[in-house]
Amino acid sequence: MAEQRKQEKDFTKEVDELLPETKSLAQAGKLQEALDKLFAFEKQTRNASDAASTTRLVKEISQLCYDARNYALLNSSINTLSKKHGQFKASTQAMVEQAMEWLDELRTREGDEKWLELIETLRTVTEGKIFLETPRARVTLKLTHYYESLARPTEDPAKRREHLQKATDLISDLQVETYSSMERREKTEFIMEQMRVLIVLAQVKDVEDAASEKKGTMGGGEAEWVKVRVASRKINEGFLKEEANEDLKMKYYEMMILYALKHDAYLDVAKYYHTVWETPSVKADEKIRGQEALEHIAYYIVLAPHDNEQSDMLHRIFRYSEVEKMPLHYELLKSFTTPELMRWPGVETMYGPHLRPNTIFKSDKLWDDLHTRVIEHNIRIVSQYYTRITLTRLTQLLDLSQEKAEETLCRLVVSGTVWAKIDRPTGTVNFRKGKSAEDVMNDWSSDMQRLLSLVEKTWMGVNAAQAAQSRAVKA
(Lines give C-alpha, C1' and ligand atoms only; values in the text may rest on other atoms or scores of the structure.)
Protein backbone atom coordinates (compact mmCIF):
# COMPACT_ATOMS: atom_id res chain seq x y z
CA MET A 1 0.00 0.00 0.00
CA ALA A 2 1.10 3.53 -0.75
CA GLU A 3 2.36 5.92 1.89
CA GLN A 4 0.49 9.15 2.58
CA ARG A 5 1.14 11.46 -0.37
CA LYS A 6 0.21 15.03 -1.15
CA GLN A 7 -2.81 15.33 -3.46
CA GLU A 8 -1.77 16.72 -6.84
CA LYS A 9 -5.23 17.26 -8.34
CA ASP A 10 -8.88 17.06 -7.36
CA PHE A 11 -10.93 14.91 -9.74
CA THR A 12 -14.26 15.29 -7.93
CA LYS A 13 -15.94 17.12 -10.82
CA GLU A 14 -14.73 14.64 -13.44
CA VAL A 15 -15.85 11.68 -11.29
CA ASP A 16 -19.28 13.28 -10.83
CA GLU A 17 -19.64 13.38 -14.61
CA LEU A 18 -18.19 9.91 -15.23
CA LEU A 19 -20.28 7.87 -12.78
CA PRO A 20 -23.72 8.52 -14.39
CA GLU A 21 -22.21 7.75 -17.79
CA THR A 22 -20.75 4.41 -16.75
CA LYS A 23 -23.93 3.48 -14.91
CA SER A 24 -25.94 4.07 -18.10
CA LEU A 25 -23.50 1.91 -20.07
CA ALA A 26 -23.79 -0.92 -17.54
CA GLN A 27 -27.59 -0.76 -17.59
CA ALA A 28 -27.46 -0.90 -21.39
CA GLY A 29 -25.56 -4.19 -21.17
CA LYS A 30 -22.12 -2.70 -21.85
CA LEU A 31 -20.62 -3.59 -18.48
CA GLN A 32 -17.09 -4.23 -19.74
CA GLU A 33 -16.98 -0.89 -21.55
CA ALA A 34 -18.12 0.89 -18.37
CA LEU A 35 -15.51 -0.93 -16.30
CA ASP A 36 -12.74 -0.08 -18.77
CA LYS A 37 -13.52 3.63 -18.39
CA LEU A 38 -13.65 3.38 -14.62
CA PHE A 39 -10.39 1.41 -14.41
CA ALA A 40 -8.62 3.91 -16.66
CA PHE A 41 -9.83 6.90 -14.66
CA GLU A 42 -9.10 5.13 -11.35
CA LYS A 43 -5.47 4.94 -12.38
CA GLN A 44 -5.37 8.70 -12.97
CA THR A 45 -6.93 9.55 -9.60
CA ARG A 46 -4.64 7.08 -7.81
CA ASN A 47 -1.51 8.50 -9.45
CA ALA A 48 -2.67 12.01 -8.58
CA SER A 49 -3.14 10.93 -4.94
CA ASP A 50 -6.84 11.82 -4.98
CA ALA A 51 -7.93 9.32 -2.30
CA ALA A 52 -11.58 10.42 -2.16
CA SER A 53 -12.12 10.07 -5.91
CA THR A 54 -10.27 6.75 -6.02
CA THR A 55 -12.48 5.40 -3.26
CA ARG A 56 -15.62 6.43 -5.14
CA LEU A 57 -14.38 4.76 -8.33
CA VAL A 58 -13.40 1.41 -6.76
CA LYS A 59 -16.74 1.24 -4.99
CA GLU A 60 -18.56 2.02 -8.25
CA ILE A 61 -16.65 -0.74 -10.07
CA SER A 62 -17.73 -3.26 -7.44
CA GLN A 63 -21.28 -1.94 -7.40
CA LEU A 64 -21.71 -2.26 -11.18
CA CYS A 65 -20.42 -5.84 -11.13
CA TYR A 66 -22.72 -6.75 -8.26
CA ASP A 67 -25.78 -5.12 -9.84
CA ALA A 68 -25.05 -7.00 -13.08
CA ARG A 69 -24.75 -10.22 -11.04
CA ASN A 70 -21.43 -10.90 -12.67
CA TYR A 71 -19.83 -12.38 -9.57
CA ALA A 72 -16.76 -13.76 -11.31
CA LEU A 73 -15.96 -10.24 -12.53
CA LEU A 74 -16.77 -8.84 -9.09
CA ASN A 75 -14.29 -11.16 -7.39
CA SER A 76 -11.54 -10.52 -9.93
CA SER A 77 -12.10 -6.74 -9.79
CA ILE A 78 -11.85 -6.66 -5.99
CA ASN A 79 -8.71 -8.76 -6.12
CA THR A 80 -7.15 -6.65 -8.89
CA LEU A 81 -7.95 -3.28 -7.35
CA SER A 82 -6.52 -4.29 -3.98
CA LYS A 83 -3.20 -5.15 -5.64
CA LYS A 84 -2.83 -1.96 -7.68
CA HIS A 85 0.48 -0.17 -7.20
CA GLY A 86 0.09 2.70 -4.75
CA GLN A 87 -3.49 1.77 -3.87
CA PHE A 88 -4.90 3.69 -0.91
CA LYS A 89 -5.66 1.84 2.29
CA ALA A 90 -8.90 3.79 2.67
CA SER A 91 -10.01 2.77 -0.82
CA THR A 92 -9.32 -0.91 -0.21
CA GLN A 93 -11.03 -0.77 3.18
CA ALA A 94 -14.12 0.93 1.74
CA MET A 95 -14.31 -1.64 -1.08
CA VAL A 96 -14.05 -4.56 1.37
CA GLU A 97 -16.66 -3.13 3.74
CA GLN A 98 -18.99 -2.53 0.79
CA ALA A 99 -18.64 -6.14 -0.36
CA MET A 100 -19.27 -7.41 3.18
CA GLU A 101 -22.65 -5.64 3.19
CA TRP A 102 -23.72 -7.81 0.24
CA LEU A 103 -22.88 -11.16 1.83
CA ASP A 104 -26.24 -11.91 3.45
CA GLU A 105 -28.23 -10.76 0.43
CA LEU A 106 -25.97 -12.69 -1.94
CA ARG A 107 -26.37 -15.91 0.02
CA THR A 108 -30.15 -15.58 0.07
CA ARG A 109 -30.33 -14.77 -3.64
CA GLU A 110 -27.66 -16.98 -5.19
CA GLY A 111 -26.96 -19.70 -2.61
CA ASP A 112 -23.82 -20.88 -0.86
CA GLU A 113 -21.55 -21.32 -3.89
CA LYS A 114 -21.37 -17.66 -4.96
CA TRP A 115 -21.35 -16.59 -1.32
CA LEU A 116 -18.32 -18.79 -0.59
CA GLU A 117 -16.48 -17.39 -3.61
CA LEU A 118 -16.93 -13.82 -2.37
CA ILE A 119 -15.97 -14.87 1.17
CA GLU A 120 -12.72 -16.41 -0.08
CA THR A 121 -11.99 -13.33 -2.19
CA LEU A 122 -12.41 -11.07 0.84
CA ARG A 123 -10.23 -13.35 2.98
CA THR A 124 -7.53 -13.27 0.30
CA VAL A 125 -7.65 -9.48 0.01
CA THR A 126 -7.56 -8.93 3.78
CA GLU A 127 -4.83 -11.46 4.54
CA GLY A 128 -1.75 -9.94 6.15
CA LYS A 129 -3.16 -6.38 6.23
CA ILE A 130 -3.33 -4.92 9.74
CA PHE A 131 -5.79 -2.19 8.73
CA LEU A 132 -8.19 -4.92 7.51
CA GLU A 133 -7.83 -7.28 10.48
CA THR A 134 -11.29 -6.52 11.86
CA PRO A 135 -13.13 -7.09 8.54
CA ARG A 136 -11.14 -10.30 8.08
CA ALA A 137 -12.21 -11.50 11.53
CA ARG A 138 -15.88 -10.80 10.76
CA VAL A 139 -15.72 -12.59 7.41
CA THR A 140 -13.92 -15.55 8.98
CA LEU A 141 -16.60 -15.77 11.67
CA LYS A 142 -19.28 -16.09 8.97
CA LEU A 143 -17.27 -18.84 7.28
CA THR A 144 -16.83 -20.61 10.63
CA HIS A 145 -20.58 -20.63 11.21
CA TYR A 146 -21.05 -22.03 7.70
CA TYR A 147 -18.79 -25.03 8.35
CA GLU A 148 -20.36 -25.53 11.75
CA SER A 149 -23.82 -25.63 10.14
CA LEU A 150 -22.59 -28.45 7.89
CA ALA A 151 -21.72 -30.56 10.95
CA ARG A 152 -25.24 -31.82 11.53
CA PRO A 153 -25.77 -34.59 14.11
CA THR A 154 -27.36 -36.80 11.43
CA GLU A 155 -24.29 -36.53 9.22
CA ASP A 156 -21.56 -39.15 8.90
CA PRO A 157 -19.41 -38.88 12.08
CA ALA A 158 -16.18 -38.54 10.10
CA LYS A 159 -17.61 -35.75 7.94
CA ARG A 160 -19.11 -34.01 10.95
CA ARG A 161 -15.81 -34.07 12.79
CA GLU A 162 -14.02 -32.80 9.66
CA HIS A 163 -16.38 -29.82 9.30
CA LEU A 164 -16.07 -28.93 12.97
CA GLN A 165 -12.29 -29.20 12.77
CA LYS A 166 -12.30 -26.84 9.78
CA ALA A 167 -14.49 -24.35 11.65
CA THR A 168 -12.25 -24.54 14.71
CA ASP A 169 -9.06 -24.07 12.70
CA LEU A 170 -10.51 -21.02 10.94
CA ILE A 171 -11.64 -19.15 14.04
CA SER A 172 -8.70 -20.17 16.23
CA ASP A 173 -6.24 -18.79 13.70
CA LEU A 174 -7.24 -15.22 14.61
CA GLN A 175 -5.69 -13.53 17.65
CA VAL A 176 -8.34 -10.84 18.05
CA GLU A 177 -7.09 -9.86 21.51
CA THR A 178 -4.28 -7.98 19.72
CA TYR A 179 -6.62 -6.06 17.37
CA SER A 180 -6.62 -2.38 18.29
CA SER A 181 -9.31 -1.52 15.73
CA MET A 182 -11.93 -3.85 17.21
CA GLU A 183 -14.30 -2.70 19.95
CA ARG A 184 -13.80 -4.33 23.34
CA ARG A 185 -17.23 -5.91 23.44
CA GLU A 186 -16.94 -7.33 19.92
CA LYS A 187 -13.49 -8.64 20.81
CA THR A 188 -14.88 -10.39 23.89
CA GLU A 189 -17.75 -11.86 21.87
CA PHE A 190 -15.30 -13.18 19.29
CA ILE A 191 -13.11 -14.88 21.92
CA MET A 192 -16.21 -16.45 23.46
CA GLU A 193 -17.21 -17.73 20.03
CA GLN A 194 -13.76 -19.30 19.74
CA MET A 195 -14.35 -21.01 23.08
CA ARG A 196 -17.82 -22.19 22.08
CA VAL A 197 -16.70 -23.78 18.80
CA LEU A 198 -13.76 -25.44 20.56
CA ILE A 199 -16.12 -26.89 23.18
CA VAL A 200 -18.46 -28.27 20.50
CA LEU A 201 -15.55 -30.04 18.78
CA ALA A 202 -14.12 -31.27 22.10
CA GLN A 203 -17.45 -32.78 23.12
CA VAL A 204 -17.81 -34.56 19.78
CA LYS A 205 -14.29 -35.97 20.07
CA ASP A 206 -14.87 -37.04 23.67
CA VAL A 207 -17.93 -39.02 22.63
CA GLU A 208 -16.37 -40.59 19.55
CA ASP A 209 -12.83 -41.22 20.76
CA ALA A 210 -12.31 -43.87 23.40
CA ALA A 211 -8.90 -42.37 24.18
CA SER A 212 -10.66 -39.48 25.91
CA GLU A 213 -11.25 -41.82 28.87
CA LYS A 214 -7.52 -42.12 29.50
CA LYS A 215 -6.52 -39.64 32.16
CA GLY A 216 -3.37 -37.67 31.63
CA THR A 217 -3.35 -38.10 27.86
CA MET A 218 -4.22 -35.74 25.02
CA GLY A 219 -6.74 -38.20 23.61
CA GLY A 220 -10.27 -37.28 22.63
CA GLY A 221 -10.95 -33.55 22.83
CA GLU A 222 -8.34 -32.81 25.49
CA ALA A 223 -6.31 -30.62 23.11
CA GLU A 224 -9.41 -28.49 22.47
CA TRP A 225 -10.21 -28.28 26.19
CA VAL A 226 -6.69 -26.91 26.79
CA LYS A 227 -7.30 -24.26 24.11
CA VAL A 228 -10.59 -23.36 25.79
CA ARG A 229 -8.72 -22.69 29.02
CA VAL A 230 -6.12 -20.60 27.21
CA ALA A 231 -8.82 -18.57 25.45
CA SER A 232 -10.70 -18.00 28.72
CA ARG A 233 -7.66 -16.25 30.18
CA LYS A 234 -7.86 -13.63 27.43
CA ILE A 235 -11.18 -12.35 28.79
CA ASN A 236 -11.19 -9.68 31.46
CA GLU A 237 -13.69 -10.80 34.11
CA GLY A 238 -13.84 -7.24 35.42
CA PHE A 239 -15.25 -6.13 32.05
CA LEU A 240 -17.97 -8.79 32.37
CA LYS A 241 -19.11 -7.33 35.69
CA GLU A 242 -20.40 -4.20 33.94
CA GLU A 243 -24.19 -4.13 33.75
CA ALA A 244 -24.18 -3.69 29.97
CA ASN A 245 -22.21 -6.92 29.56
CA GLU A 246 -24.38 -9.18 31.69
CA ASP A 247 -25.33 -11.35 28.69
CA LEU A 248 -21.64 -11.97 27.97
CA LYS A 249 -21.03 -12.82 31.63
CA MET A 250 -23.75 -15.49 31.59
CA LYS A 251 -22.39 -16.99 28.37
CA TYR A 252 -18.80 -16.98 29.63
CA TYR A 253 -19.52 -18.70 32.94
CA GLU A 254 -21.78 -21.23 31.24
CA MET A 255 -18.78 -22.33 29.15
CA MET A 256 -16.40 -22.25 32.13
CA ILE A 257 -18.79 -24.52 34.04
CA LEU A 258 -18.67 -27.00 31.13
CA TYR A 259 -14.88 -26.87 31.22
CA ALA A 260 -14.73 -27.40 34.99
CA LEU A 261 -17.23 -30.28 34.88
CA LYS A 262 -15.17 -31.98 32.18
CA HIS A 263 -12.22 -32.05 34.60
CA ASP A 264 -14.30 -32.79 37.74
CA ALA A 265 -13.23 -29.44 39.23
CA TYR A 266 -16.30 -29.15 41.45
CA LEU A 267 -14.91 -26.32 43.55
CA ASP A 268 -14.40 -24.23 40.41
CA VAL A 269 -17.96 -25.03 39.33
CA ALA A 270 -19.24 -23.80 42.70
CA LYS A 271 -17.22 -20.60 42.31
CA TYR A 272 -18.58 -19.98 38.82
CA TYR A 273 -22.17 -20.49 39.98
CA HIS A 274 -21.46 -18.18 42.93
CA THR A 275 -20.27 -15.48 40.53
CA VAL A 276 -23.43 -15.97 38.47
CA TRP A 277 -25.55 -15.77 41.62
CA GLU A 278 -23.93 -12.47 42.58
CA THR A 279 -25.17 -10.90 39.34
CA PRO A 280 -27.83 -8.31 40.37
CA SER A 281 -30.51 -9.56 37.96
CA VAL A 282 -29.99 -13.19 39.04
CA LYS A 283 -29.98 -12.35 42.74
CA ALA A 284 -33.17 -10.32 42.33
CA ASP A 285 -34.94 -13.32 40.76
CA GLU A 286 -35.06 -15.27 44.02
CA LYS A 287 -37.71 -17.77 42.95
CA ILE A 288 -36.14 -19.04 39.72
CA ARG A 289 -32.65 -18.01 38.59
CA GLY A 290 -31.34 -17.05 42.02
CA GLN A 291 -32.61 -20.22 43.67
CA GLU A 292 -31.30 -22.39 40.83
CA ALA A 293 -27.82 -20.86 41.14
CA LEU A 294 -27.81 -21.33 44.93
CA GLU A 295 -28.88 -24.95 44.58
CA HIS A 296 -25.99 -25.66 42.24
CA ILE A 297 -23.58 -23.88 44.58
CA ALA A 298 -24.73 -26.13 47.43
CA TYR A 299 -24.47 -29.28 45.31
CA TYR A 300 -21.01 -28.64 43.93
CA ILE A 301 -19.45 -27.28 47.12
CA VAL A 302 -20.24 -30.53 48.93
CA LEU A 303 -18.98 -32.51 45.93
CA ALA A 304 -15.62 -30.69 46.00
CA PRO A 305 -12.74 -32.49 47.78
CA HIS A 306 -12.01 -31.09 51.23
CA ASP A 307 -9.29 -28.47 51.59
CA ASN A 308 -8.97 -25.09 53.28
CA GLU A 309 -10.57 -23.18 50.41
CA GLN A 310 -13.47 -25.62 50.09
CA SER A 311 -14.06 -25.59 53.85
CA ASP A 312 -14.06 -21.79 53.98
CA MET A 313 -16.54 -21.47 51.10
CA LEU A 314 -18.74 -24.24 52.52
CA HIS A 315 -19.09 -22.44 55.88
CA ARG A 316 -19.70 -19.06 54.20
CA ILE A 317 -22.46 -20.46 51.98
CA PHE A 318 -24.03 -22.23 54.96
CA ARG A 319 -24.42 -18.88 56.76
CA TYR A 320 -26.30 -17.22 53.87
CA SER A 321 -29.81 -16.19 54.85
CA GLU A 322 -31.01 -17.22 51.38
CA VAL A 323 -29.87 -20.80 52.02
CA GLU A 324 -31.91 -20.97 55.22
CA LYS A 325 -35.03 -20.55 53.08
CA MET A 326 -34.13 -23.80 51.27
CA PRO A 327 -34.55 -26.47 54.00
CA LEU A 328 -33.23 -29.45 52.03
CA HIS A 329 -30.05 -27.72 50.92
CA TYR A 330 -29.58 -26.09 54.32
CA GLU A 331 -29.66 -29.50 56.01
CA LEU A 332 -27.27 -30.94 53.42
CA LEU A 333 -24.73 -28.18 54.06
CA LYS A 334 -25.29 -28.48 57.82
CA SER A 335 -24.41 -32.18 57.68
CA PHE A 336 -21.01 -31.36 56.17
CA THR A 337 -20.29 -28.48 58.58
CA THR A 338 -21.23 -30.37 61.75
CA PRO A 339 -18.47 -32.56 63.29
CA GLU A 340 -20.66 -35.64 63.42
CA LEU A 341 -20.75 -38.89 61.46
CA MET A 342 -23.06 -39.14 58.45
CA ARG A 343 -24.30 -42.69 57.90
CA TRP A 344 -24.66 -43.26 54.17
CA PRO A 345 -27.86 -45.34 54.42
CA GLY A 346 -29.43 -42.44 56.31
CA VAL A 347 -28.20 -39.93 53.72
CA GLU A 348 -29.68 -42.04 50.92
CA THR A 349 -33.00 -42.28 52.74
CA MET A 350 -33.17 -38.58 53.59
CA TYR A 351 -31.85 -36.95 50.40
CA GLY A 352 -32.11 -39.65 47.74
CA PRO A 353 -35.84 -39.25 46.92
CA HIS A 354 -35.40 -35.48 46.54
CA LEU A 355 -32.00 -35.22 44.84
CA ARG A 356 -31.83 -38.26 42.57
CA PRO A 357 -34.81 -37.67 40.22
CA ASN A 358 -34.59 -33.98 39.25
CA THR A 359 -31.14 -32.61 40.09
CA ILE A 360 -27.56 -33.08 38.97
CA PHE A 361 -27.46 -36.20 41.15
CA LYS A 362 -29.49 -38.16 38.64
CA SER A 363 -26.04 -38.81 37.19
CA ASP A 364 -24.69 -41.98 38.80
CA LYS A 365 -21.16 -40.54 38.73
CA LEU A 366 -22.11 -37.47 40.77
CA TRP A 367 -24.11 -39.57 43.23
CA ASP A 368 -21.08 -41.84 43.69
CA ASP A 369 -18.90 -38.74 44.19
CA LEU A 370 -21.30 -37.57 46.91
CA HIS A 371 -20.95 -40.96 48.58
CA THR A 372 -17.17 -40.56 48.46
CA ARG A 373 -17.36 -37.10 50.07
CA VAL A 374 -19.54 -38.51 52.86
CA ILE A 375 -16.95 -41.23 53.50
CA GLU A 376 -14.12 -38.69 53.55
CA HIS A 377 -16.09 -36.48 55.95
CA ASN A 378 -16.63 -39.43 58.26
CA ILE A 379 -12.94 -40.36 58.24
CA ARG A 380 -12.00 -36.78 59.18
CA ILE A 381 -14.48 -36.89 62.06
CA VAL A 382 -13.18 -40.28 63.24
CA SER A 383 -9.62 -38.93 63.20
CA GLN A 384 -10.70 -36.09 65.50
CA TYR A 385 -12.30 -38.34 68.11
CA TYR A 386 -10.10 -41.44 67.95
CA THR A 387 -6.39 -41.82 68.59
CA ARG A 388 -6.54 -45.45 67.59
CA ILE A 389 -9.36 -47.58 66.17
CA THR A 390 -9.68 -51.12 64.86
CA LEU A 391 -10.28 -51.64 61.15
CA THR A 392 -13.41 -53.62 61.97
CA ARG A 393 -14.91 -50.74 63.94
CA LEU A 394 -13.84 -48.22 61.27
CA THR A 395 -15.60 -50.16 58.52
CA GLN A 396 -18.74 -50.31 60.67
CA LEU A 397 -18.73 -46.54 61.19
CA LEU A 398 -18.14 -45.90 57.48
CA ASP A 399 -20.64 -48.53 56.26
CA LEU A 400 -17.98 -49.85 53.88
CA SER A 401 -16.03 -52.98 53.15
CA GLN A 402 -12.51 -53.10 54.60
CA GLU A 403 -10.95 -52.79 51.16
CA LYS A 404 -12.96 -49.68 50.25
CA ALA A 405 -12.33 -48.13 53.67
CA GLU A 406 -8.56 -48.64 53.33
CA GLU A 407 -8.57 -47.24 49.80
CA THR A 408 -10.36 -44.04 50.87
CA LEU A 409 -8.19 -43.66 53.97
CA CYS A 410 -5.00 -44.03 51.93
CA ARG A 411 -6.19 -41.38 49.48
CA LEU A 412 -6.81 -38.90 52.30
CA VAL A 413 -3.40 -39.66 53.79
CA VAL A 414 -1.69 -39.07 50.44
CA SER A 415 -3.54 -35.77 49.95
CA GLY A 416 -2.50 -34.65 53.45
CA THR A 417 -6.08 -34.30 54.70
CA VAL A 418 -5.48 -36.64 57.67
CA TRP A 419 -2.50 -38.44 59.20
CA ALA A 420 -2.99 -42.17 59.72
CA LYS A 421 -1.00 -45.38 59.89
CA ILE A 422 -2.50 -48.84 59.39
CA ASP A 423 -1.09 -51.68 61.48
CA ARG A 424 -2.22 -54.75 59.55
CA PRO A 425 -0.97 -57.45 62.00
CA THR A 426 -3.02 -55.97 64.85
CA GLY A 427 -5.78 -54.68 62.55
CA THR A 428 -5.70 -51.12 63.93
CA VAL A 429 -5.46 -47.61 62.53
CA ASN A 430 -3.44 -44.99 64.39
CA PHE A 431 -4.53 -41.37 63.84
CA ARG A 432 -1.86 -39.76 66.00
CA LYS A 433 1.57 -39.20 64.61
CA GLY A 434 4.43 -40.46 66.76
CA LYS A 435 6.68 -37.79 68.21
CA SER A 436 10.43 -37.63 67.76
CA ALA A 437 12.79 -37.10 70.72
CA GLU A 438 13.17 -33.49 69.68
CA ASP A 439 9.39 -32.96 69.68
CA VAL A 440 9.11 -34.58 73.13
CA MET A 441 11.81 -32.28 74.53
CA ASN A 442 10.17 -29.24 73.00
CA ASP A 443 6.82 -30.19 74.57
CA TRP A 444 8.53 -30.78 77.95
CA SER A 445 10.29 -27.42 77.72
CA SER A 446 7.02 -25.68 76.88
CA ASP A 447 5.25 -27.42 79.77
CA MET A 448 8.03 -26.44 82.21
CA GLN A 449 7.82 -22.82 81.11
CA ARG A 450 4.09 -22.76 81.75
CA LEU A 451 4.62 -24.48 85.14
CA LEU A 452 7.28 -21.96 86.25
CA SER A 453 5.06 -19.12 85.10
CA LEU A 454 2.22 -20.42 87.28
CA VAL A 455 4.60 -20.83 90.26
CA GLU A 456 5.79 -17.25 89.85
CA LYS A 457 2.25 -15.89 89.70
CA THR A 458 1.30 -17.95 92.78
CA TRP A 459 4.34 -16.68 94.73
CA MET A 460 3.51 -13.08 93.84
CA GLY A 461 -0.08 -13.65 94.94
CA VAL A 462 1.03 -15.13 98.29
CA ASN A 463 3.39 -12.18 98.93
CA ALA A 464 0.62 -9.71 98.14
CA ALA A 465 -1.74 -11.50 100.54
CA GLN A 466 0.87 -11.55 103.32
CA ALA A 467 1.60 -7.83 102.84
CA ALA A 468 -2.09 -7.00 103.03
CA GLN A 469 -2.46 -9.12 106.20
CA SER A 470 0.49 -7.44 107.95
CA ARG A 471 -0.93 -3.97 107.22
CA ALA A 472 -4.24 -5.04 108.67
CA VAL A 473 -2.58 -6.27 111.92
CA LYS A 474 -0.65 -3.01 112.37
CA ALA A 475 -3.81 -1.01 111.87
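Numbers for the structure displayed
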{"item": "Residue list for the stretch 3-29, filter: part of a loop (DSSP other than H, G, I, E, B) and surrounded by 15 or more Cβ atoms within 10 Å (Cβ to Cβ)", "result": "Phe11"}
{"item": "Residues within the stretch 159-182 that are part of a helix (DSSP H, G or I), open to solvent by less than 70 Å² (accessible area, probe 1.4 Å) and either under 24 Å from Arg233 (Cβ atoms) or free of Cβ contacts under 8 Å to residues at least 12 places away in the same chain (or both), tallied", "result": "9"}
{"item": "Of all residues making up the stretch 313-331, the number that are more than 18 Å from Tyr273 (Cα to Cα) and surrounded by 17 or more Cβ atoms within 10 Å (Cβ to Cβ)", "result": "0"}
{"item": "Residue tally, condition of a type outside the set (Gly, Ala, Ser), part of a helix (DSSP H, G or I) and crowded, with 17+ Cβ neighbours inside 10 Å, over the stretch 38-58", "result": "10"}
{"item": "Filter pass, Gln32 being open to solvent by 90 Å² or more (accessible area, probe 1.4 Å) and at pLDDT 90 or above", "result": "yes"}
{"item": "Matching option when the condition is modelled with pLDDT of 90 or more, closer than 30 Å to Glu8 by Cα and surrounded by fewer than 19 Cβ atoms within 10 Å (Cβ to Cβ), among Ala72, Ala94, Ala99", "result": "Ala94"}
{"item": "Of all residues in the stretch 388-427 being among the β-branched types (Val, Ile, Thr) and in contact with a strand residue (DSSP E or B) (Cβ under 6 Å, 6 or more places away or on another chain), the one that is farthest from Met342 (Cα to Cα)", "result": "Ile422"}
{"item": "Sole exception among (1) part of a helix (DSSP H, G or I); (2) out of contact with any helix residue (DSSP H, G or I) (no Cβ under 7 Å at 6 or more places or on another chain) for Gly128, by number", "result": "(1)"}
{"item": "Residue satisfying all of: in the stretch 381-417; of a type in the set (S, T, N, Q) and in contact with a helix residue (DSSP H, G or I) (Cβ under 9 Å, 6 or more places away or on another chain); farthest from Arg432 (Cα to Cα) among these", "result": "Ser401"}
{"item": "Residue that is nearest to Val414 (Cα to Cα), among those in the stretch 295-315 that are aliphatic (A, V, I, L, M) and within 20 Å of the chain's Cα centre (by Cα)", "result": "Ala304"}
{"item": "Residue check for Thr337: in contact (Cβ under 8 Å) with a residue 60 or more places away in the chain and surrounded by 13 or more Cβ atoms within 10 Å (Cβ to Cβ)", "result": "no"}
{"item": "Residue in the stretch 249-262 that is more than 21 Å from Thr188 (Cβ to Cβ) and not aromatic (Phe, Trp, Tyr) present", "result": "yes"}
{"item": "Residue check for Lys84: in contact with an Asp or Glu (Cβ under 9 Å, 6 or more places away or on another chain), open to solvent by 20 Å² or more (accessible area, probe 1.4 Å) and more than 30 Å from Val204 (Cβ to Cβ)", "result": "yes"}
{"item": "Index of the failed condition, Lys9 passing every other in (1) under 29 Å from Ile130 (Cα atoms); (2) in contact with a Leu (Cβ under 6 Å, 6 or more places away or on another chain)", "result": "(2)"}
{"item": "Filter pass, Ser149 being assigned to a loop (DSSP other than H, G, I, E, B) and exposed (fewer than 12 other Cβ atoms within 10 Å of the Cβ)", "result": "no"}
{"item": "Close pairs from the stretch 290-310: first closer than 11 Å to Glu322 by Cβ, partner of a type in the set (Gly, Ala, Ser) and assigned to a helix (DSSP H, G or I), Cβ under 9 Å, at least 6 apart", "result": "Gly290/Ala284; Ile297/Ala270; Ala298/Ala270"}
{"item": "Close pairs from the stretch 75-93: first of a type in the set (Lys, Arg), partner at pLDDT below 95 and open to solvent by 60 Å² or more (accessible area, probe 1.4 Å), Cβ under 7 Å, at least 6 apart", "result": "Lys89/Met1"}
{"item": "The stretch 103-140: number of residues that are open to solvent by 50 Å² or more (accessible area, probe 1.4 Å) and polar (S, T, N, Q)", "result": "2"}
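Table: residues versus (1) open to solvent by less than 40 Å² (accessible area, probe 1.4 Å); (2) of a type in the set (Gly, Ala, Ser); (3) not in a helix (DSSP H, G or I).
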{"residue": "Phe239", "(1), (2), (3)": "yes, no, no"}
{"residue": "Asp247", "(1), (2), (3)": "no, no, no"}
{"residue": "Met256", "(1), (2), (3)": "yes, no, no"}
{"residue": "Asp264", "(1), (2), (3)": "no, no, yes"}
{"residue": "Val282", "(1), (2), (3)": "yes, no, no"}
{"residue": "Gly290", "(1), (2), (3)": "yes, yes, no"}
{"residue": "His296", "(1), (2), (3)": "yes, no, no"}
{"residue": "Ser311", "(1), (2), (3)": "yes, yes, no"}
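Every residue, every condition in (1) charged (D, E, K, R); (2) at pLDDT 95 or above; (3) farther than 28 Å from Lys249 by Cα, yes or no:
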residue: Lys129; (1), (2), (3): yes, no, yes
residue: Tyr147; (1), (2), (3): no, no, no
residue: His163; (1), (2), (3): no, no, yes
residue: Ser172; (1), (2), (3): no, no, no
residue: Phe190; (1), (2), (3): no, yes, no
residue: Ala202; (1), (2), (3): no, no, no
residue: Lys205; (1), (2), (3): yes, no, no
residue: Ala223; (1), (2), (3): no, no, no
residue: Asn236; (1), (2), (3): no, no, no
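The values are calculated or read from the model by the stated rules, or taken from the named source; none is laboratory data. Everything quoted here is computed from the prediction, not taken from an experiment. Backbone-built Cβ (ideal geometry, glycine too); neighbour counts: all protein chains shown. When the accessible area is computed, the model is the full protein with side chains, heavy atoms only, and any ligands, DNA or RNA have been set aside. Shrake-Rupley method; radii C 1.70, N 1.55, O 1.52, S 1.80 Å.
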